[in-house]
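Step one of this worksheet: look at the structure below.
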Amino acid sequence: MKGTIFNIQNYCLSDGPGIRTVIFFKGCTLRCLWCENPESIYPWPQISFHASKCISCKKCQQACPLKVIDLKSTHRIDWAVCDNCGKCTEVCMSQALEMIGRQMTVEEIMVEIRKETSFYSRSGGGVTISGGEPTLQYDFLVNLLEALKNESYHIVLETSGILHWNKLKLLTRYVDIFYFDIKGIDPVLHKTNTGIDNVRILSNAYKLIEQKSHVVFRIPIIPGINYEPDKISLLDQFLTTAAAKEIHLLPYHRFGEDKLKSIYTHQVQTGIPSMNSEDLESLRNTLEHGNRIVSIGGA
């Protein structure tokens, strides 16, 4: 069995306790209007084109079996016809064309993780599974989690919680901390903003808390989407009902907009302003009451 992975990052300090390796699964169930990692959306390896690197050598055009590369086109590739075979990336000398995502076995991932074991043990760190949405590749995810647990790695799973509860419950056998994304509370607005309502998401969040799982709620804060006072009030009510103890506020940034120029993906809203530090601090003060610990940007 193989999974599609689009990145492996070592020495990470903001995706769980200690020094961590983060495994990024490709593919996401949601279609968030503000997506900051659009390269993670589709579950298959896909080609990206960086115009600034192109030297117009024409080797990609010659290598393409479907003849869908046009050197005069802004996007270079006719995405409607391209099958992401990757032949063009293999001959691109300037790396203007590159493949995002690759098929990996569990053992291939474990080889990469074992290289950093000493850093995990010294810092109290471990492995974080991120995405995309890792549970979209559920069977592969379970196999990887079993391998990690067999070698006693500390595991953080980042998820939107959209899967069926019985499947999520199974993951609690392996996961030490759930980083649980909450994109919004109103189900109608949630569907408008992400393509899916949040009934199952919120239900799963309550169930994880009820069975004493360690849950850290991660909340992207996006101006014009979920930052208005009425939406913050609903969020505060949800956190109270869920007895949330740890909350990470994730301020929106515009880095994802640059990526949209290089890949084919669904429509992502552009022009959303980034959050400023004063507004974030005010929001943190609003949400941090009782026994909650609210941080900005993660742990």
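The values are calculated or read from the model by the stated rules, or taken from the named source; none is laboratory data. In this text the structure is predicted, and so the values were computed from the model without any measurement. So basically every Cβ, Gly included, is an ideal-geometry build from the backbone, and we count neighbours across all protein chains shown.
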Original post:
surrounded by fewer than 21 Cβ atoms within 10 Å (Cβ to Cβ), among the basic types (K, R), more than 20 Å from K261 (Cβ to Cβ) and touching a Leu at 6+ places or on another chain (Cβ under 8 Å), is that true of K2?
Top reply: no
Subject >> Given (1) part of a helix (DSSP H, G or I); (2) modelled with pLDDT of 95 or more; (3) over 18 Å from the mean Cα position of the chain (by Cα); (4) farther than 30 Å from L71 by Cα, index of the condition C88 fails >> reply: (4)
**OP:** Go through the residues of region 116-131 one by one and say whether even a single one is free of Cβ contacts under 8 Å to residues at least 40 places away in the same chain and part of a loop (DSSP other than H, G, I, E, B).
**Re:** no
Original post:
Which one is surrounded by the most Cβ atoms within 10 Å (Cβ to Cβ) among residues in region 5-37 that are charged (D, E, K, R) and assigned to a loop (DSSP other than H, G, I, E, B)?
Top reply: K26
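Given the options G161, G132, name the one that is touching a strand residue (DSSP E or B) at 6+ places or on another chain (Cβ under 7 Å), closer than 21 Å to E246 by Cβ and crowded, with 20+ Cβ neighbours inside 10 Å. Before the answer, list the steps.
Numbers: G132 fails: closer than 21 Å to E246 by Cβ.
Matching residue, one of G161, G132: G161.
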**OP:** Return the total of residues in region 51-72 being exposed (fewer than 12 other Cβ atoms within 10 Å of the Cβ) and either part of a loop (DSSP other than H, G, I, E, B) or in contact with a strand residue (DSSP E or B) (Cβ under 7 Å, 6 or more places away or on another chain) (or both).
**Re:** 7
Subject >> Test: W44 is closer than 30 Å to G161 by Cα, crowded, with 19+ Cβ neighbours inside 10 Å and out of contact with any Leu (no Cβ under 7 Å at 6 or more places or on another chain) >> reply: no
Original post:
Is it the case that some residue within region 182-190 is touching a Ser or Thr at 6+ places or on another chain (Cβ under 7 Å) and either within 30 Å of R114 (Cβ to Cβ) or part of a loop (DSSP other than H, G, I, E, B) (or both)?
Top reply: yes
Original post:
Take the residues of region 206-233 that are in contact with an Asp or Glu (Cβ under 8 Å, 6 or more places away or on another chain) and charged (D, E, K, R): which is surrounded by the most Cβ atoms within 10 Å (Cβ to Cβ)?
Top reply: R218
Original post:
Residues in region 238-256: is at least one at pLDDT below 95, touching a strand residue (DSSP E or B) at 6+ places or on another chain (Cβ under 9 Å) and among the β-branched types (V, I, T)?
Top reply: no
